[in-house]
Amino acid sequence: MLLSGKGKHRRAAKATRIVALAGVAGVAVAAPLMTAGTASAATASEWDAVAQCESGGNWSINTGNGFYGGLQFSASTWAAYGGTAYAPSADQASKSQQIAVAEKVLAGQGKGAWPSCGVGLSGASYDGGSAEAAPKPAASKRSTEQPATRSEQRQAPKKSESKKTVTTPTGKKVKKGDGEYKVVTGDTLSKIAQAHGVKGGWEKLFQLNKGVVENADLIYPGQQLHLK
């Protein structure tokens, strides 16, 4: 899951409370009050950077964690800032529609709506601290999940790399290859070529696997060689 840091999109705006008391749809009442912020709009590239940080740049993401879309709106924030005029949840709205709602959130809450990922947003310095913030345990869980997710992403390439290499007895990593024959201890190119009837002998076998075998005299257990 691609999550953000602490407290994002959690602060209920004054307009939201008015809507709850009035019992009417959020957009009609809340929108005029929420435009009162003095912050100017962030640039498209800045929102792209926030989305990349929050969700890997996936504007349609819905991992089932309660936060949706490229900028990871909660359902309550999306509704409070007029998002349901576009779609039931942010992941179902277009990128431009999500940014339009995000501009309102930025004006009302400031960069603090995206604590970890919104630092580069221009036109707002208000951190949005409020007594109406959601309980800290929820924020703590969310902030804990994000580092774990990003850690997994950083480790993923290493896992993929390990599948493509073989560690030699000296600790050196060499290419594994994807051939049909798996080298075992005691193998040489000559033995393999003779055992499997490779026409052209070890020289042909070496040519077939030049992308994996750097030295014809050195092959390693675990490497997978093409025989034809």
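The values are calculated or read from the model by the stated rules, or taken from the named source; none is laboratory data. Please read these numbers as outputs of a predicted model, since none were measured by experiment. Note that we place each Cβ from the backbone using ideal geometry, even for glycine, and neighbour counts take in every protein chain shown. Side chains are part of the model used for accessible areas, which takes the heavy atoms of the whole protein and leaves out ligands, DNA and RNA. Shrake-Rupley method; radii C 1.70, N 1.55, O 1.52, S 1.80 Å.
Report the full-extension gain for the segment residue 175 to residue 226: residue separation times 0.36 nm, less the Cα-Cα distance, to one decimal in nm.
Extra length from residue 175 to residue 226 when fully extended: 17.0 nm.
Between beta-carbons, use under 12 Å as the cut-off and find the net charge around residue 221, counting Lys and Arg +1, Asp and Glu -1.
That works out to +1.
Spin-label point model (7 Å from Cα, Cβ direction): what's the residue 167 to residue 62 distance in nm?
4.3 nm
If R₀ is 25 angstrom, what is the calculated FRET efficiency for the pair residue 52 and residue 76, using the beta carbon separation as r and rounding to 0.05?
0.55
Distance in nm between label sites at residue 194 and residue 216, each 7 Å beyond Cα in the beta-carbon direction?
Here the answer is 1.6 nm between the modelled labels.
State the extension gain, in nm to one decimal, for the chain segment bounded by residue 85 and residue 185, taking 0.36 nm per residue of separation less the distance between their alpha-carbons.
29.3 nm
Among 172, 228, what's the order by accessible area (1.4 angstrom probe), most exposed first?
Sorted by accessible area, descending: 228, 172.
Going by accessible area, probe 1.4 Å, with all protein chains left in place, what is the ranking of 46, 180, largest first?
Working: 46 40, 180 110 Å².
Sorted by accessible area, descending: 180, 46.
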